[in-house]
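Student: Supplied in structure tokens, the structure appears directly below.
The values are calculated or read from the model by the stated rules, or taken from the named source; none is laboratory data. It should be emphasised that the depicted structure is a prediction, and the values quoted were computed from it without experimental measurement. When we count neighbours, we look across all protein chains shown, and the Cβ atoms used for this are built from the backbone with ideal geometry, even at glycine. Heads up: the accessible areas ignore ligands, DNA and RNA and are worked out on the full protein's heavy atoms, side chains in. Shrake-Rupley method; radii C 1.70, N 1.55, O 1.52, S 1.80 Å.
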Amino acid sequence: MHEFILALLLILVSARVFAEIFSYLKIPPVLGEVFAGILIGPSVLGIVEVNEIIKILAEIGIILLLFEVGLETDLKKLQKEGSKSVIVAIFGAVVPFAGGFVISYYMFNLPLVTSLFIGGTLTATSIGITIRVLKDLGKEKTTASQIVVGAAVLDDIIGVILLVILADFALTGQVNLENTIRIILLVAFFFATAPVLAAGMSKFIHMYDLRYRRLPGFIPTIIVSLILFFAYVAHLFGAPEIIGAFAAGIALSKRFFLPFGIAFKSDPHFIEKLESQMKPLIYLFTPIFFVTVGLSMNLKEIDYSSPTFWLLAAILLIVAVIGKIGGAYMIRNMDGLKKLIIGTSMVPRGEVGLIFAELGRTAKVFTNEIYSVVVFVVVLTTLVPPFIMKYLFKIEEERLKK
């Protein structure tokens, strides 16, 4: 217990210190939190290791972050830009997957399962990293951000379905089509019903808070319970837990609207009260998630001396970047700079890419060299795009001033 307490102390303090330093240097603070994980983790000092408890706290952090994103999402704008999000998500999933597979299998003669796992790793987008960067830059309510949120959510679902398919294939040597179709149908059903159910529950919470509440702390307790409930239900339906939290956030949003009845629509003052009471919890748990991303990266495992490492890493990096940016350029009637912003926002792989890499290693699909290549690509695609996003948004602001 005392070791866990020390680890948590180091995670929270280092996250805050480096987020403040990076913010002072005008670098997205989320990178400070990831850097804190790299520093205190196995890559540099090796004083903190990721264990199951830290993973759970990190998962709670990303669940709360996605709830906040859902709460602040303009659903009408998200629906309006929905087709664009679908284009960005599908292109950004299919092209990197196909490119990673073809290069690994045909150019480098890697085994079939290994090549499929490499393609799967390139498919992912880290919704947590991307959204946090947009929030740090104050751009979370822009049109580009809404497209990115929609695309990143879809990307996460595609990633989970792909992970299930590849895990089955690695274990049995064949794809269970029935299981895949079942997961897709369950996820679709969850998306259709969860916001309606959550909106109804939010109405009850609002009424209880106004008429019957006697003790303080009702809102954080009941809202966290609601978020965890929908995260668990999402898991039961085969969707990522964070999608359940996102659905709960959307349903509680002051911008939420049901076409068949406005009775569920929440009071804006209640939503503001809810946001103000939830933010301290969100600010406490989300840094744990981003530090854990850094802790999960072991840069010492990368073999920098191998020519094959550099060649494969360089080609996969190009595929990883072009695959995501290319999806944004498929959107019609949009300024080129905005397309580049959307595409760059989709590049970070973060924790999702690391999950694929770790699964590949534990299933003995990846050799140490291939694993190091994949981790290297994930690290670069996680750490570099936030700088580019900041630069692109700055250019956009300067254009608007003219």
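Student: Run the numbers for V196 and M330: contour at 0.36 nm per residue of separation, minus the present Cα-Cα distance, in nm.
Tutor: On the way: separation 134, 0.36 × 134 = 48.24 nm, distance 3.23 nm.
Separation in residues times 0.36 nm, less the Cα-Cα distance, equals 45.0 nm.
Student: Would you calculate the separation in nanometres between label points at K390 and I5, each defined as 7 Å from the Cα along the Cα-to-beta-carbon direction?
Tutor: Placing both labels 7 Å beyond Cα along the Cβ direction yields 3.7 nm.
Student: Using the Karplus curve 6.51 cos²θ - 1.76 cosθ + 1.60 with θ = phi - 60°, work out ³J(HN,Hα) for each residue of the range 296-309 in order, rounded to whole Hz, and write x for Gly and Pro.
Tutor: These are the phi-based 3J(HN,Hα) values: 6, 8, 10, 6, 6, 7, 7, 8, 6, 8, 7, x, 4, 4 Hz.
Student: What is the distance, in nm, between label points placed 7 Å from the Cα along the Cα-to-Cβ direction at T367 and at I56?
Tutor: So the two model labels end up 3.9 nm from each other.
Student: Output the pairs from K80/K390; K84/K273; K273/K394; K203/K324; K135/K338 with a Cα-Cα distance over 28 Å in this structure; if there are none, say none.
Tutor: Details: K80/K390 25 Å; K84/K273 33 Å; K273/K394 33 Å; K203/K324 39 Å; K135/K338 17 Å.
The answer is K84/K273; K273/K394; K203/K324.
Student: Obtain the nm distance between the two label points defined at L12 and F189 by a simple spin-label model: each point lies 7 Å from its Cα along the Cα-to-C-beta direction.
Tutor: 4.1 nm
Student: Using just the helices of the chain, give the 222 nm mean residue ellipticity in deg cm²/dmol: DSSP H runs with n ≥ 4 each add -39,500 (n - 2.57), and the total is spread over all residues, rounded to 500. Could you put the intermediate results ahead of the total?
Tutor: On the way: 17 runs with 307 residues, N = 402.
Only helices count here, giving -26000 deg cm²/dmol.
Student: Okay, next question. Under the rule of at least 5 residues apart or a separate chain, name every residue whose amide H is placed under 5 Å from the amide H of I302.
Tutor: It is none; the list stays empty.
Student: List, in order, the whole-Hz ³J(HN,Hα) value for each residue of the range 152-169 obtained from phi through the Karplus relation with A = 6.51, B = -1.76, C = 1.60 and θ = phi - 60°; use x for Gly and Pro.
Tutor: 5, 4, 4, 4, 5, 5, 4, x, 5, 4, 5, 4, 4, 4, 5, 5, 4, 5
Student: Right, another one. Please work out the average accessible area per residue across the chain, using the 1.4 Å probe convention, and give it in Å². Don't skip to the end; give the middle numbers.
Tutor: Details: 18330 Å² over 402 residues.
Here the residues of the chain average 46 Å² of exposed surface.
Student: Something else about it: Cut-off 10 angstrom, C-alpha nodes, Gaussian network model of the chain. Which of A192, A167, A15 fluctuates the most?
Tutor: A192
Student: Could you pull the accessible area for Y391 with a 1.4 Å probe, rounded to 10 Å²?
Tutor: Using a 1.4 Å probe on the heavy atoms, I get roughly 140 Å².
Student: By how many nm would the segment from I322 to Y208 lengthen if fully extended, with 0.36 nm per residue of separation less the alpha-carbon distance?
Tutor: Numbers: separation 114, 0.36 × 114 = 41.04 nm, distance 5.08 nm.
Using 0.36 nm per residue and subtracting the Cα-Cα distance, I get 36.0 nm.
Student: Something else now. Rounded to the nearest 0.05, what FRET efficiency do E178 and E358 give with R0 = 30 Å and r taken as the Cβ-Cβ distance? Could you check? All intermediate terms of the calculation are to be shown ahead of the outcome.
Tutor: Numbers: r = 27 Å, r/R0 = 0.90.
It comes out at approximately 0.65.
Student: HN-Hα J couplings of the range 17-29 from phi, Karplus 6.51/-1.76/1.60, θ = phi - 60°, integer Hz, Gly and Pro as x?
Tutor: 4, 6, 5, 5, 4, 5, 5, 4, 7, 6, 10, x, x
Student: Further question: Using the alpha carbon gyration tensor of the range 20-117, what are the three equivalent-ellipsoid semi-axes (square root of 5 times each eigenvalue), largest first, in whole Å?
Tutor: Details: eigenvalues 182, 151, 45 Å².
In descending order the semi-axes read 30, 27, 15 Å.
Student: Where does each of 369-381, 135-147 land if you order them by average Cβ count within 10 Å, highest first? Present the calculation step by step, with values, prior to reporting the outcome.
Tutor: Values: 369-381: 23.5, 135-147: 19.5.
Most protected by this proxy first, the peptides run 369-381, 135-147.
Student: Out of the trypsin sites (Lys or Arg not before Pro) in the range 345-401, which ones are loop residues according to DSSP with at most 13 other C-beta atoms within 10 Å?
Tutor: Working: sites: R349, R361, K364, K390, K394, R399, K401; in loops: R349, K364.
Counting only loop positions with at most 13 other Cβ atoms within 10 Å, the trypsin sites (Lys or Arg not before Pro) in the range 345-401 are K364.
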